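*Asks:* This is the structure I want to talk about, given as structure tokens.
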Amino acid sequence: MNQHPFIPYLPKKYSEEEMLSRSENFFAEMNLRRSVREFSGESFDKKILENIIATASTAPSGAHKQPWTFCLVHNKALQREIRLKAEEEERRNYSGRMSQRWIEDLAPLGTDHQKEFLEIAPYLIVVFKRVYETDAEGTRHNNYYVNESVGIATGMLIAAIHQAGLTALTHTPSPMNFLEQVLERPKNERAYLLIPVGHASKEAKVPDIQRKALEEVMENYE
Ligand SMILES: Cc1cc2nc3c(=O)[nH]c(=O)nc-3n(C[C@H](O)[C@H](O)[C@H](O)COP(=O)(O)O)c2cc1C
């Protein structure tokens, strides 16, 4: 078994004051992120999303397998097909497949089975997790910590989308296997998340939710 050659790691080093200010600024920026369900159709250079996807793919992953594929959809016919199939699944979810408790939890967000944003947003990023890889002899090898790895990469994707001045929605019209068929993905890929990306429409509104305070999400052990 060959080990990778090892190279020096030379990270940037900031003063404590700079670290404090950078972490405060990043929090302030990320605290402005919201899930938006009303998009304008305004398009923009695809290169921006290529940079964002490249950022997501810098994420750590189990045994460095990078078990993800980000499909960038910028095609109205495909977007319409995805919308219709997503609405079909969501209609079933909202009319019986979701528990009463789940419907009640979603009620304050004002969501329903209609997903016109899938057609209006200029781009969709469909995230797939790669469950296994196949070697030259045709043998399958499972990837490791696939959900954790793809979750981290998608978090970085969402942060990069926001940092670039764009808006996204993390969408899960489950079951999402229709995305594997519509986009003709290989057998080792499973749909993970559907993320419309664009600018929020001028009329867009978001629910006035509050985030948990730091004390509620953090425990100190000193
Ligand atoms: C895994 C996951 C799945 C989600 N699925 C949906 C969805 O299918 N439809 C939707 O409108 N919002 C969906 N959301 C968005 C959440 O409702 C939203 O993140 C939450 O209400 C907090 O709002 P914020 O993102 O604006 O902070 C999902 C979020 C996550 C993390």
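*Asks:* Which of ILE52, LEU84, THR172 sits farthest toward the positive end of the charge dipole of the chain, with +1 on the Cβ of Lys and Arg and -1 on the Cβ of Asp and Glu?
*Replies:* Final value for the positive-end residue is LEU84.
*Asks:* Per 0.36 nm of contour for each residue apart, how much would the distance between SER15 and TYR221 grow if the chain were fully extended, relative to their Cα-Cα spacing?
*Replies:* Numbers: separation 206, 0.36 × 206 = 74.16 nm, distance 2.51 nm.
Stretched out fully, the SER15 to TYR221 stretch lengthens by 71.6 nm.
*Asks:* Report the extension gain between GLN3 and ALA107 in nm, rounded to one decimal, defined as 0.36 nm multiplied by the number of residues separating them, less their alpha carbon distance.
*Replies:* Numbers: separation 104, 0.36 × 104 = 37.44 nm, distance 5.28 nm.
Stretched out fully, the GLN3 to ALA107 stretch lengthens by 32.2 nm.
*Asks:* Then there's this: Anything in the chain that counts as a DSSP H helix reaching 20 Å or more along its axis (C-alpha) with Kyte-Doolittle mean of at least 0.0? List them, would you?
*Replies:* Details: long enough: 16-30 (21 Å, -0.81); 76-92 (24 Å, -1.83); 146-163 (25 Å, 0.94).
In the chain, the long hydrophobic H runs are 146-163.
*Asks:* Here is a follow-up. How large is the convex hull of the Cα atoms of the chain per residue, expressed in Å³ as a whole number?
*Replies:* Details: hull volume 45.3 nm³, N = 222.
Cα convex hull per residue, to the nearest whole number: 204 Å³.
*Asks:* Turning to a different aspect of this structure: Run the Debye formula on the Cα coordinates of segment 1-78, all scatterers equal and no solvent, and tell me log10 I(q)/I(0) at q = 0.13, 0.16, 0.23, 0.27 1/Å.
*Replies:* Taking Cα atoms of segment 1-78 as identical point scatterers yields -0.80, -1.07, -1.28, -1.28.
*Asks:* Projecting each Cα onto the charge dipole of the chain (Lys/Arg +1, Asp/Glu -1 at the beta carbon, about the Cα centre), which of SER35, MET156, ALA121 comes out farthest on the positive side?
*Replies:* Checked the options; the winner is ALA121.
*Asks:* Here's something else I'd like to know. Quick check: residue separation of ASN142 and ARG34 times 0.36 nm, minus the Cα distance between them. What number comes out in nm? Can you show the working numbers first?
*Replies:* On the way: separation 108, 0.36 × 108 = 38.88 nm, distance 3.47 nm.
Result: 35.4 nm gained on full extension.
*Asks:* Can you classify segment 60-155 as rounded, prolate or oblate using the Cα gyration tensor, where a ≥ b ≥ c are the square roots of its eigenvalues, rounded means a/c under 1.5, and otherwise it's prolate if a/b beats b/c and oblate if not?
*Replies:* Values: a/c = 2.33, a/b = 1.65, b/c = 1.41.
Judged from the Cα gyration tensor, segment 60-155 comes out prolate (a/c at least 1.5, a/b above b/c).
*Asks:* Per DSSP helix of 4 or more residues, -39500 (n - 2.57); summed, then divided by the residues of the chain. What does that give at 222 nm, rounded to the nearest 500? Each step should come with its number before you reach the end.
*Replies:* Values: 8 runs with 82 residues, N = 222.
Result for the chain: -11000 deg cm²/dmol, rounded to the nearest 500.
*Asks:* So who's got an amide H within less than 5 Å of the one on PHE39, skipping anything under 5 residues away but keeping other chains? H placed 1.01 Å off N, in plane.
*Replies:* Under 5 Å from the amide H of PHE39 lie the amide H atoms of SER201, each far enough along the sequence or on another chain.
*Asks:* Too long at a 24 Å Cα-Cα cut-off: which of LYS65/LYS115; LYS13/LYS47; LYS47/LYS212; LYS65/LYS212; LYS65/LYS187; LYS47/LYS76?
*Replies:* On the way: LYS65/LYS115 33 Å; LYS13/LYS47 30 Å; LYS47/LYS212 35 Å; LYS65/LYS212 34 Å; LYS65/LYS187 17 Å; LYS47/LYS76 19 Å.
Pairs exceeding 24 Å: LYS65/LYS115; LYS13/LYS47; LYS47/LYS212; LYS65/LYS212.
*Asks:* Let me ask you something else. If you put +1 on each Lys and Arg Cβ and -1 on each Asp and Glu Cβ, how big is the dipole of the chain around its Cα centre, in Debye rounded to 20?
*Replies:* Values: 28 positive and 32 negative charges, 124 e Å.
The calculated dipole for the chain is roughly 600 debye.
*Asks:* Between ALA136, ALA77, ALA86, find the one with the highest GNM mean-square fluctuation for the chain; connect C-alpha pairs within less than 10 Å.
*Replies:* Result: ALA136 has the largest fluctuation of those listed.
*Asks:* Here's a follow-up. Just flag the GluC sites (Glu not before Pro) in segment 162-200 sitting in loop per DSSP whose Cβ has no more than 11 other Cβ atoms within 10 Å. Intermediate results must be reported in sequence, preceding the final value.
*Replies:* On the way: sites: GLU180, GLU184, GLU189; in loops: GLU184.
When the GluC sites (Glu not before Pro) of segment 162-200 are filtered for loop state and at most 11 Cβ neighbours within 10 Å, GLU184 remain.
Throughout, read-outs are computed from the coordinates displayed, never taken from laboratory work. All values reported here derive from a predicted model rather than from experimental measurement. Note: ideal-geometry Cβ built from the backbone for every residue, glycine included; neighbour counts use all protein chains shown.
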